[in-house]
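S.K.: Okay, handing you the structure first.
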Amino acid sequence: MFRMLLLRSEIYEEIVAHCIRGLPAEACGLLSGDPDTATVQRCYLTRNAAASARLYTVDPLDHLRADRDAESRGEQIIGVFHSHTHTDAYPSPTDVEQAPDPSWHYVVVSLRDIYPSLRSYRIIQGVISEEEVVIDGHSMIGRIWS
Amino acid sequence: MPIEVRLPTVLRSHAGGRSTVQVDGSTIREVLEELATSYPGLKGQIIADNGALHRFVNVYVNDDDVRYLDNLDTKVSSGDVVSILPAVAGGCRAIQREPEG
């Protein structure tokens, strides 16, 4: 299993912009791509059916449409992103409890600080592991830690 | 009559890796019961112990969420496609502190 997530910068921008536009509520969306290489080919900007600053629910019909569109392109949904408006970019107990698929990538965008922070995790049997986010070939973890 | 059922990735391992299966039934309840009979690993994954749809699962007939139709009693007929997807939800509620001041 890949312990990384590969994104293009345009997709990174789409995700962060969707999260900012969703304020003051949490925003969410789905990531489509190739599960074998952990490469995101596109993101689907979905509605937050919970319309809450503390909860998100990917709108079920948006999810269905995204799933069909991804499949028609030979891709599949490989993860989900959502924002935390006032907390850090780390899965909350609610996120862990409701994580639907151990093969998915769980991206959290924190809007708590002056700049958005995007981080990605695997959640398997309740255990959270952070993974490397690589944007246009550049490791974001490397940039934080170096 | 056979109904096409589309399974999410997380449940495919219980159906021999298939993404789509054909099962008989004239209502969603019958389709899901038949699905659990054909693929015992799916039992309990879609319908909860109380007999209702599991809260972390969404079931659709074509483009409609069955919760907005007749739920498990929603009728299906040949040519309908039943899709099952995980409900995707979460949020920071459990660790959110009340704003100060």
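S.K.: For region B:18-31, does any single residue satisfy the condition of being aliphatic (A, V, I, L, M), closer than 22 Å to B:Arg67 by Cα and part of a helix (DSSP H, G or I)?
M.R.: Yes, the conditions are met somewhere in region B:18-31.
S.K.: When region B:39-78 is examined, which residues are found to be more than 14 Å from chain A (Cβ to nearest Cβ), in a helix (DSSP H, G or I) and surrounded by 15 or more Cβ atoms within 10 Å (Cβ to Cβ)?
M.R.: Matches in region B:39-78: B:Leu42, B:Leu72.
S.K.: Let me spell it out: the conditions are (1) within 26 Å of B:Ser13 (Cβ to Cβ); (2) open to solvent by 30 Å² or more (accessible area, probe 1.4 Å); (3) within 12 Å of the chain's Cα centre (by Cα), and A:Trp104 meets all of them except one. Which number is the exception?
M.R.: (2)
S.K.: Kindly list, by first and then second residue, each pair from a residue in region A:48-63 that is within 7 Å of chain B (Cβ to nearest Cβ) to a residue that is in a loop (DSSP other than H, G, I, E, B) and of a type outside the set (A, V, I, L, M, F, W, C), limited to pairs with Cβ atoms under 6 Å and residues at least 6 apart or on different chains.
M.R.: Filtered contacts from region A:48-63: A:Arg54/B:Gly91; A:Arg54/B:Gln96; A:Leu55/B:Gly91; A:Tyr56/A:Glu26; A:Tyr56/B:Gly91.
One line per residue, one yes/no per condition, for (1) under 14 Å from the mean Cα position of the chain (by Cα); (2) open to solvent by less than 60 Å² (accessible area, probe 1.4 Å):
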residue: A:Ala17; (1), (2): yes, yes
residue: A:Ala25; (1), (2): no, yes
residue: A:Asp34; (1), (2): no, yes
residue: A:Val40; (1), (2): yes, yes
residue: A:Cys43; (1), (2): yes, yes
residue: A:Arg54; (1), (2): no, no
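S.K.: Moving on to the next point. I need the full set of residues from region A:64-90 which are more than 10 Å from chain B (Cβ to nearest Cβ), open to solvent by 50 Å² or more (accessible area, probe 1.4 Å) and either closer than 22 Å to A:Gly126 by Cα or part of a loop (DSSP other than H, G, I, E, B) (or both), in order please.
M.R.: A:Arg73, A:Gly74
S.K.: Inspect all residues belonging to region A:81-98 and state whether any of them is touching a residue at least 24 places away in the same chain (Cβ under 8 Å) and closer than 19 Å to B:Arg12 by Cα.
M.R.: no
S.K.: Could you list all residues from region B:24-37 that are surrounded by 15 or more Cβ atoms within 10 Å (Cβ to Cβ) and over 14 Å from the mean Cα position of the chain (by Cα)?
M.R.: Selection gives B:Gly25 alone.
The values are calculated or read from the model by the stated rules, or taken from the named source; none is laboratory data. Here the structure is a predicted model, which is why all the values come from computation and not from measurement. Every residue, glycine as well, gets a Cβ built from its backbone with ideal geometry; the counts of neighbours run over all protein chains shown. When the accessible area is computed, the model is the full protein with side chains, heavy atoms only, and any ligands, DNA or RNA have been set aside. Shrake-Rupley method; radii C 1.70, N 1.55, O 1.52, S 1.80 Å.
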